[in-house]
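The values are calculated or read from the model by the stated rules, or taken from the named source; none is laboratory data. None of these values were measured; they are calculated from a predicted model. All Cβ positions, even for glycine, are placed from backbone atoms using ideal geometry, and neighbour counts span all protein chains on display.
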Number of protein chains: 4
Amino acid sequence: MKVRTPIKVRYQETDQMGVVYHANYLVWFEIGRTAFIEELGFKYQDMEQDGIVSPVVDAHMYFKQPIRYGEDAYVETWIEEYDGLRTTYGYQIIGENEKVAVTGTSKHVVVKKDSFRPVSLRRSFPDWHEAYTNAMKEG
Amino acid sequence: MKVRTPIKVRYQETDQMGVVYHANYLVWFEIGRTAFIEELGFKYQDMEQDGIVSPVVDAHMYFKQPIRYGEDAYVETWIEEYDGLRTTYGYQIIGENEKVAVTGTSKHVVVKKDSFRPVSLRRSFPDWHEAYTNAMKEG
Amino acid sequence: MKVRTPIKVRYQETDQMGVVYHANYLVWFEIGRTAFIEELGFKYQDMEQDGIVSPVVDAHMYFKQPIRYGEDAYVETWIEEYDGLRTTYGYQIIGENEKVAVTGTSKHVVVKKDSFRPVSLRRSFPDWHEAYTNAMKEG
Amino acid sequence: MKVRTPIKVRYQETDQMGVVYHANYLVWFEIGRTAFIEELGFKYQDMEQDGIVSPVVDAHMYFKQPIRYGEDAYVETWIEEYDGLRTTYGYQIIGENEKVAVTGTSKHVVVKKDSFRPVSLRRSFPDWHEAYTNAMKEG
């Protein structure tokens, strides 16, 4: 399963190089991740209301082509890896004429908001676990 | 009392116009406000640990000259008005050669974090109240 | 003429108060402004390709209710004032259940990108001038 | 050579998880990089005035501990690799009590601003080349 989400470049996201400032792509990854989760039928805010948050463990980004203000852009998101504890999302940012602008991954765990202690997605959120397992299989 | 705080322009804060993107000056106001509060001997985070936050009620900004990456910049902060409930901070952003780049104000209340219900600074934080009253008198 | 644009709150836009950080509403105003200009049939980037940029002269913001992650939000944009040189846009940010969260205005001029010298919209961009004059009349 | 730069956490940089939002660390890397370059005796803006910019090719980030508002933070920057064309900077973000909060790298090239065509640092900026070669040797 791969989810494609349109992004409208904000003027605020450009820098004086005349292109999107690179850290913003990490925010676009977040947008893709949110859309992916919603496509699975869940909402991240519901998890937070249970006192659980999902911090990033690591992130890798490969910048291939700049994206400019006014260009049509998309973020594509899928599950690269999932083991019941950690989820690695894969991303591809697409610009005009289907050019691949940025690729990357981010790995996440779920933890208690108060203590940042790890929680097993498999045990605590069995419906998420099932959906993630299936989404990964679909590739 | 007026507090002057140096700001080092971040590349991320520029936009494709080649100058600092205007919304960032509101963040610089926040930096000035924090420095002002610390100069009075307080820490905003101590207030938050008591379950109190201080949202903005209104903000006014006047953009006179752009600031560019590599320029020396400062934010100057003072209390424009204070009545025991609401604090209005005044700001001036200074660029190279003492040019005035941006001026503005922001008005704040203090509220309970859970309910966003207003709290009287005078009654709940008498030491803040005294310091603010004095800081305003000094002009 | 009033243009209504949906905004999906980004996690990155929240702060530790648990609501959207106030400076982001200025970015949402920019999103509304861009959508308004496109509704009139123009593109801001076309103007920039002619060496013209449109900096902000002043901005006023009134924060009435916080907006939270997961809420449906909109920005409504119209022309408050236009005189051939300066355009003042009006904005209203709407949250869940049609609550008015933020209101504000921003005044803009157009200048040459190289020199920041003012340019008359009326003389240099007569088609923009006509569209703006009409949009203002429609209220 | 390793350069240590203090960072004062901005309220704007926190998110509703109550910690610094992860994309901001990429901005802090930029702050460390700028300080490192200045420590070598150069200014990035001088390079840009020659029509040269230095985009990021890839970035890797490892998030070990969250950083909170009010904490003392630092970014440490060094050269991990340099071959005359590409520079890889290494970074470490340090929080309170010397805890390592984030580590990472970013790889950069230099290109012409107009065309994004690669430029050899060795040939076009021999003084930068020498300083980078020495800084790398010092480890």
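May I ask you to list the residues in the range D:70-93 that are among the β-branched types (V, I, T), buried (at least 21 other Cβ atoms within 10 Å of the Cβ) and under 17 Å from D:L26 (Cβ atoms)?
Filtering the range D:70-93 down to residues among the β-branched types (V, I, T) leaves D:75, D:77, D:79, D:87-88, D:93.
Now narrow it down to the ones that are buried (at least 21 other Cβ atoms within 10 Å of the Cβ): D:75, D:77, D:79, D:87, D:93.
Result: D:V75, D:T77, D:T87, D:I93.
Here is a check on your reading of the model: is D:I79 part of a strand (DSSP E or B), under 20 Å from B:A35 (Cβ atoms) and either touching a Gly at 6+ places or on another chain (Cβ under 7 Å) or more than 9 Å from chain B (Cβ to nearest Cβ) (or both)? Criteria not met by D:I79. Output the number of residues of the range A:6-48 satisfying the condition of being under 11 Å from the mean Cα position of the chain (by Cα) and either within 30 Å of D:H108 (Cα to Cα) or among the charged types (D, E, K, R) (or both). The number of residues fulfilling the criteria is 10.
Kindly indicate whether D:T88 is touching a residue at least 40 places away in the same chain (Cβ under 8 Å), within 11 Å of the chain's Cα centre (by Cα) and in a strand (DSSP E or B). When the stated conditions are applied, D:T88 does not pass them. Annotation note: of C:F29, C:F116, C:F36, C:F63, the sole residue that is aromatic (F, W, Y) and modelled with pLDDT under 95 is C:F116. Among the residues of this structure, D:A59 counts as one that is within 14 Å of chain B (Cβ to nearest Cβ) and crowded, with 18+ Cβ neighbours inside 10 Å. Looking across the range B:1-25, just one residue is within 17 Å of B:G95 (Cα to Cα), in contact (Cβ under 8 Å) with a residue 60 or more places away in the chain, of a type in the set (A, V, I, L, M) and not in a strand (DSSP E or B), and that is B:V9. Of the listed requirements (1) of a type outside the set (K, R); (2) within 13 Å of chain D (Cβ to nearest Cβ); (3) over 13 Å from the mean Cα position of the chain (by Cα), B:G51 misses just one: (2). Could you tell me which residue of the range B:14-33 is farthest from A:Y11 (Cα to Cα), considering only residues that are within 7 Å of another protein chain (Cβ to nearest Cβ) and of a type in the set (S, T, N, Q)? Filtering first and then ranking leaves B:T14.
For the range C:67-76, the tally of residues that are assigned to a loop (DSSP other than H, G, I, E, B) and in contact with a strand residue (DSSP E or B) (Cβ under 7 Å, 6 or more places away or on another chain) stands at 2. Every test in (1) in contact (Cβ under 8 Å) with a residue 40 or more places away in the chain; (2) surrounded by 18 or more Cβ atoms within 10 Å (Cβ to Cβ) is passed by B:T105 save one, and that test is (2). When residues in the range C:114-139 are screened for being buried (at least 18 other Cβ atoms within 10 Å of the Cβ) and in contact with a strand residue (DSSP E or B) (Cβ under 8 Å, 6 or more places away or on another chain), 5 of them pass. Take C:R4 and tell me if it is surrounded by fewer than 19 Cβ atoms within 10 Å (Cβ to Cβ), away from chain A (no Cβ under 14 Å) and within 23 Å of A:T5 (Cα to Cα). Against the criterion (surrounded by fewer than 19 Cβ atoms within 10 Å (Cβ to Cβ), away from chain A (no Cβ under 14 Å) and within 23 Å of A:T5 (Cα to Cα)), C:R4 qualifies.
Exactly one residue among B:G95, B:G41, B:G70 is away from chain D (no Cβ under 14 Å), touching a helix residue (DSSP H, G or I) at 6+ places or on another chain (Cβ under 8 Å) and touching a residue at least 24 places away in the same chain (Cβ under 8 Å), and that residue is B:G41.
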